[in-house]
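The values are calculated or read from the model by the stated rules, or taken from the named source; none is laboratory data. What you see is a predicted model, and the numbers here were worked out from it, not measured in a lab. No Cβ is skipped: glycine too gets one built from the backbone with ideal geometry, and neighbour counts run over all protein chains shown.
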Amino acid sequence: MENLFKLKENGTTVRTEIVAGLTTFMTMAYIIALNPNLLTGFGAQGGPDLWNGVFMATCIASAIGMFAMAFLANKPFAMAPGMGLNSFFAVVVGNIAALTGTSYLASFQAALCIILIEGVVFFILSIFNIRDKIVEAIPLGIRLGISPAIGLMLLNIGVGSNAGVYSDKGGPFFVMRDFFGSLTPSFTKETMGSGYNEMVLTVVTMFIGLFVIVVLAHKAVKGSVLIGMLVASVINWIGQAAVLGVNPFASLNDPKKFVPQFGAMANTTLCKFNFAGFSKIGIFTVITLVITFCIIDMFDTIGTLVGTASRAGMVDKEGNMPQMKEALLSDSIGTIAGALTGTSTVTTFVESASGVEAGGRTGLTALTTGVLFLACMFIAPIAAIIPAAATSSALIYVGLLMLGGLKKVDFDDMSQALPAALMLIAMPISGSIGHGIGLGIISYTVLKVFTGKAKEVSILTYIICLIFLIKFFLVV
């Protein structure tokens with residue numbers, strides 16, 4: 001392990017790395033079930049075989065991407081089908097079905113061709129260091145602002161939208177919008193109906209878990225994030241049984257869920273590229289879709305890598321992360337694996353920050369998370385019992401720590417202050433790291449040009465600025 005991952009050189013141990021990998025897994029395990037739900041309309045589209053095929057693809061492609069991250073880049077970052085990108089992929093599949101008149105499954109297989117092209121394009125760009133050059137073209141002030149902006153985004157996810165509650169009154173209801181956002185608890189209870197008790201349990205779980213993490217971290221207890229999540233989970237399980245009358249372990253009762261569905265994946269998604277259906281979309285539409293997926297994926301990945309690495313002290317004075325090329329190459333390998341097995345774009349997950357905060361510094365963290373994702377092919381119900389509220393505790397804590405990166409931003413320099421401020425607003429609202437970076441680059445470039453400092457902006461930065469302008473205003 002030492003020779004493979006250089007643990008001593010990175011100031012870590014096998015135990016710390018495994019705990020960090022487990023922590024990352026617990027904060028992002030939700031994607032294992034959520035991704036097939038989103039891509040198949042919660043099982044309504046394409047039949048049960050497609051759901052199971054996407055489920056298997058999610059586990060396998062994520063693991064392949066993380067193994068590449070572990071052995072090529074030796075970095076602690078985890079990968080899975082990206083949120084936002086998977087929803088967009090589902091919309092694309094629906095549009096292809098409407099445009100071509102084919103079934104949802106055939107349209108799904110046609111859309112996989114787009115993901116394959118994107119992955120190959122990124123692989124080539126990574127091999128020839130073009131993606132690396134794009135990272136270097138991002139001004140230092142924007143790089144410094146990425147980490148706190150992601151922090152605020154994590155806070156928003158943790159408190160605002162991670163733990164949604166459904167009830168007879170509809171939903172989803174969220175903590176900040178519907179619980180704290182209402183004037184009085186009685187008004188909230190009236191609004192949420194049967195979901196009110198679940199919302200109270202969610203809030204209690206979330207904040208007890210958060211306080212446990214903060215107190216243990218203050219006492220320098222290793223694995224504080226993981227312990228806090230486990231405490232929050234136990235409280236939530238007890239609350240579900242005692243208050244809500246729900247069995248939190250009901251998913252463990254079905255023995256069929258512990259059997260990997262290799263046959264379903266082979267029949268529906270494994271190398272099932274519908275090039276005939278793909279050709280019916282039209283060349284302009286194909287180009288537009290590939291560019292859209294590329295832009296979002298590229299800058300989401302770059303933002304996560306730079307922001308998380310900056311928080312962990314894994315960057316140099318210029319804000320560059322060693323082995324960036326290998327990390328980006330791993331991301332492209334994950335996307336190609338996703339296309340081959342049957343899921344949307346695989347990208348670096350912002351939840352990796354939880355594992356980094358738990359002490360993860362090497363590829364052993366990513367390897368651990370990847371192994372756990374593969375194990376979920378056999379033990380999926382176990383991953384499903386992790387409450388969203390417990391995950392929120394970790395996301396809030398990590399987000400708070402990442403906000404500390406604001407102290408590195410020079411607010412006396414408007415070329416740093418304005419992009420950072422806009423990213424702080426854009427990332428939580430849009431839910432996209434890439435869109436936040438794009439807005440930051442546009443504002444930086446415009447500010448430099450109109451203050452007579454146009455020569456300080458590199459040619460590549462101008463090109464990136466133009467690409468984002470086209471994306472925002474011309475590409476739907």
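Does ALA337 satisfy being at pLDDT 80 or above, in contact with a Leu (Cβ under 6 Å, 6 or more places away or on another chain) and either farther than 30 Å from THR362 by Cβ or assigned by TED's automatic domain parsing to the domain that holds THR24 (or both)?
Taking the combined requirement at face value, the residue does not satisfy it.
Which residue out of GLY313, GLY360 is free of Cβ contacts under 8 Å to residues at least 24 places away in the same chain and either out of contact with any Phe, Trp or Tyr (no Cβ under 7 Å at 6 or more places or on another chain) or in the same structural domain as PHE123 (by TED's automatic domain parsing) (or both)?
GLY313
Could you say which residue among ILE146, ILE124 is free of Cβ contacts under 8 Å to residues at least 60 places away in the same chain and among the β-branched types (Val, Ile, Thr)?
ILE124 is the lone residue from the list that is free of Cβ contacts under 8 Å to residues at least 60 places away in the same chain and among the β-branched types (Val, Ile, Thr).
Quickly run through region 75-97 and pick out the residues that are in a helix (DSSP H, G or I) and either modelled with pLDDT under 85 or not small (Gly, Ala, Ser) (or both).
Of everything in region 75-97, those that are in a helix (DSSP H, G or I) and either modelled with pLDDT under 85 or not small (Gly, Ala, Ser) (or both) turn out to be LEU85, ASN86, SER87, PHE88, PHE89, VAL91, VAL92, VAL93, ASN95, ILE96.
Condition first: over 21 Å from the mean Cα position of the chain (by Cα), of a type in the set (Phe, Trp, Tyr) and part of a helix (DSSP H, G or I). Now tell me which residues in region 98-154 satisfy that.
TYR104, PHE108
Could you tell me which numbered condition ALA337 fails, if it satisfies all but one of (1) surrounded by 22 or more Cβ atoms within 10 Å (Cβ to Cβ); (2) under 27 Å from GLY151 (Cβ atoms)?
Only one criterion is unmet by ALA337, namely (2).
Can you go through LEU50, LEU72, LEU7, LEU22 and tell me which one is out of contact with any Cys (no Cβ under 6 Å at 6 or more places or on another chain), outside any helix (DSSP H, G or I) and modelled with pLDDT of 90 or more?
Sole residue among the options that is out of contact with any Cys (no Cβ under 6 Å at 6 or more places or on another chain), outside any helix (DSSP H, G or I) and modelled with pLDDT of 90 or more: LEU7.
Going residue by residue through region 294-303, is there one that turns out to be within 19 Å of the chain's Cα centre (by Cα) and without any contact (Cβ under 8 Å) to a residue 60 or more places away in the chain?
Within region 294-303, one or more residues are within 19 Å of the chain's Cα centre (by Cα) and without any contact (Cβ under 8 Å) to a residue 60 or more places away in the chain.
Scan region 341-362 for residues that are assigned to a helix (DSSP H, G or I) and at pLDDT below 95 and jot them down.
Correct list: SER352, ALA353, SER354, GLY355, VAL356, GLU357.
Taking region 120-153 as the region of interest, how many residues are within 20 Å of GLY342 (Cα to Cα) and buried (at least 24 other Cβ atoms within 10 Å of the Cβ)?
Step one: filter region 120-153 for residues within 20 Å of GLY342 (Cα to Cα), giving 120-123.
When the remaining residues are screened for being buried (at least 24 other Cβ atoms within 10 Å of the Cβ), the result is 122.
Adding up the residues that qualify gives 1.
Anything in region 253-304 that is surrounded by 19 or more Cβ atoms within 10 Å (Cβ to Cβ) and aliphatic (A, V, I, L, M)? List them, or say none.
Once the filter is applied, which keeps residues that are surrounded by 19 or more Cβ atoms within 10 Å (Cβ to Cβ) and aliphatic (A, V, I, L, M), region 253-304 yields ALA264, MET265, ILE281, LEU289, ILE295, ILE296, MET298, ILE302.
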